[in-house]
Amino acid sequence: QAKSGGGGNYAFYSPDMEKRTSARLEMRNLLRHAIERDELVLHYQPKVSIETGKIIGAEALLRWNSQERGAVPPAQFIPLAEESGLIVPIGEWVLRNACEQAAKWQELGFPLVIAVNLSPRQFRQADLLERITSILEETGLPPESLELEVTESAIMDNAASAIRLLTSIHDMGVHLSIDDFGTGYSSLAYLKQLPVSKLKIDQSFVKGLTIEADDAAIVTAVIAMAKSLHLGVTAEGVETAEQLDALVKLGCDNYQGFWFSRPIPADAFVDLLGTAH
Ligand code: C2E
Ligand code: MG
Ligand code: MG
Ligand code: MG
């Protein structure tokens, strides 16, 4: 900020950082009202069984269509929601809507498992367990039809309490999976104590699977380890037939990716179920 000439006339020379900070504040304020303004919507990406080629579930992925900003990518607004604590009401909205949707699909005769992402902040919420229980009751979705995706860092932030919480969630019958596996600092010693049923191999490794020896080695090792620990394994971000081919050969259980379908709105998902289930 510098004085330019006289007469109380100021020009602002904001450094980049300051600009970024105020842009974030503005966006945070917009996000604060996103639920009541009906700007949030869930898209669904199929999870596909490699053995049968059928859709076995869906991952709910949040979309924000801001009146002021248009479509804001999750990579931008999820971190903001996380920092500001807005992820707690937003996450609850996501869970309720995803469970409602899955209950509707079950009524239509599609017994899918719906996967919902849980952020580190939600994971530290004292009443998370009660929230999940009451949403399942309200929506009538069986716990076995819900899967929660947590990242290694959310767990490792406080491993002892995370293991207790995950155990209670698991005891309800809800499935747990580790998202973006391989990108965090998960300790393999903890892995065997965690009541998770599935690992999701991060898409960065899948991307290099058919072109980089290192990525191929990592994917191979993760699948082998998952199998010996009796965990299911899902590959994220499958974009090509070659990648899928490689995953079939490695014995991967399930996959998600643009190769089969991008995340799509609920009505488009139902159409897809009708043709591909
Ligand atoms: P994630 O949970 O790992 O979700 C997978 C991301 O990969 C999604 O991005 C999805 O659209 C994208 N993806 C799927 N298949 C492909 C593919 O073949 N190629 C490529 N390049 N990308 C693919 P999206 O929807 O932008 O979400 C990004 C991240 O934002 C998610 O990563 C998750 O961490 C977070 N997120 C999204 N929705 C929610 C939510 O409701 N709650 C929380 N806490 N986090 C969410
Ligand atoms: Mg996920
Ligand atoms: Mg992921
Ligand atoms: Mg991710």
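Using the scaling law 2.2 N^0.38 Å as the reference, what is the normalised Cα Rg of the chain?
On the way: Rg = 20.9 Å, N = 277, 2.2 N^0.38 = 18.6 Å.
The chain yields a ratio of 1.12.
Using Cα springs under 10 Å in a Gaussian network model of the chain, which residue among Leu42, Leu146, Leu191 shows the largest mean-square fluctuation?
Comparing Leu42, Leu146, Leu191 in a Gaussian network model of the chain, the most mobile one is Leu191.
As I understand it, the dipole of region 117-178 uses +1 on the Cβ of Lys and Arg and -1 on the Cβ of Asp and Glu, about the Cα centre. Which of Phe123, Ile135, Ile169 lies farthest toward its positive end?
Value: Phe123.
When the chain is fully extended, how far beyond the present Cα-Cα distance does Lys192 get from Asn158, taking 0.36 nm per residue of separation? Don't skip to the end; give the middle numbers.
On the way: separation 34, 0.36 × 34 = 12.24 nm, distance 1.62 nm.
Extending this stretch completely gives an extra 10.6 nm.
Using a 10 Å cut-off on Cβ atoms, rank the peptides 250-256, 213-219 from the highest mean neighbour count down. Before the final figure, lay out the partial values.
Details: 250-256: 20.9, 213-219: 15.4.
Final packing ranking: 250-256, 213-219.
Going out from 0 in 5 Å bins, what whole percent of all Cα-Cα distances in region 121-243 drops into each bin?
In order of increasing distance, the bins hold 2, 10, 20, 21, 17, 13, 9, 5, 2, 0 percent.
Let me know the shape class of region 199-277, please: from the alpha-carbon gyration tensor, a ≥ b ≥ c as square roots of the eigenvalues, rounded when a/c is under 1.5, otherwise prolate if a/b is greater than b/c, or oblate.
prolate
Cross-chain or 8 or more residues apart, Cα under 18 Å: how many lysine pairs in region 122-277 fit that? Count them up, please. Intermediate values should be presented prior to the final figure.
Working: Lys192/Lys200; Lys192/Lys227; Lys198/Lys227; Lys200/Lys227; Lys200/Lys249; Lys207/Lys249; Lys227/Lys249.
Lysine pair count for region 122-277: 7.
What are the GluC sites (Glu not before Pro) within region 150-242 that DSSP puts in a loop, where the Cβ has at most 13 other Cβ atoms within 10 Å? Show your work: numbers first, answer last.
Numbers: sites: Glu152, Glu212, Glu236, Glu239, Glu242; in loops: Glu212, Glu236, Glu239.
In loop regions of region 150-242 (DSSP not H, G, I, E or B), the sparsely surrounded GluC sites (Glu not before Pro) are Glu212.
Any read-out appearing in this document is the output of simple, stated calculations on the displayed coordinates, not a laboratory observation. Given the structure is predicted, the values throughout are model-derived calculations rather than measurements. For neighbour counting, all protein chains shown are included, and Cβ atoms are generated from backbone atoms with ideal geometry for every residue, glycine included.
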